[in-house]
Every structure is written in C-alpha cells, then in structure tokens.
Amino acid sequence: MRIFDNFKAQGAASRLNDEAFYAEAMREIESGIRRDGIWAMAPAEADMDQSKAAAKYIKLRVQSLR
C-alpha cells in the first residue's frame, strides 16, 4: 500500500502545482500582462474564435509555466 500512498501524494502535489500555475496566469491577465507569442498562438489554435482564444491562452500559458 505504500506505493499507492506515494502515487496519491504525487498526484496531489501535481494538482497543487497546476492550480498555482493557473492562478499565476490569471494574475498576469488581470494585471494586463500577456506573453505576445502565446497570445498570437491562442486564436490560431482556437480557429480565430476570441472567446475560445482566451481559454486557449490560459492553457498555453500554464504549459509554459510548467
């Protein structure tokens, strides 16, 4: 059972890291900070749909923080 406990702990740590990365991305957006390269990729990957592009930007920014 110790192996499963380690996996559970690693999963929890990973989720906490992800949460911190998403929070950082949101703080940046709210502060008016954006990464232009990522911002340019987001609409292209979202078929130029601006509402989807905003969500895609956050996902791409989280990937870059990882």
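The values are calculated or read from the model by the stated rules, or taken from the named source; none is laboratory data. It should be emphasised that the depicted structure is a prediction, and the values quoted were computed from it without experimental measurement. Don't worry about glycine lacking a Cβ; one is built from the backbone with ideal geometry, like all the others, and counts go over all protein chains shown. The accessibility values were calculated without ligands, DNA or RNA, using every heavy atom of the protein model including side chains. Shrake-Rupley method; radii C 1.70, N 1.55, O 1.52, S 1.80 Å.
Looking at 28, 19, can you tell me which residue is at pLDDT below 95, surrounded by 13 or more Cβ atoms within 10 Å (Cβ to Cβ), out of contact with any Cys (no Cβ under 8 Å at 6 or more places or on another chain) and of a type in the set (D, E, K, R)? Before you say what the answer is, go through the steps one by one.
Working: 19 fails: surrounded by 13 or more Cβ atoms within 10 Å (Cβ to Cβ).
Checking each option against the conditions leaves just 28.
From the set of residues in region 34-66 that are in a helix (DSSP H, G or I) and open to solvent by less than 30 Å² (accessible area, probe 1.4 Å), which is farthest from residue 21 (Cα to Cα)?
The first filter runs over region 34-66 and keeps only residues in a helix (DSSP H, G or I), leaving 36-45, 50-65.
Then keep just the ones that are open to solvent by less than 30 Å² (accessible area, probe 1.4 Å); that gives 38, 42-43, 53, 57, 60-62.
Values: 38: 15, 42: 17, 43: 21, 53: 18, 57: 13, 60: 11, 61: 8, 62: 6 Å.
Per the criteria, the residue is 43.
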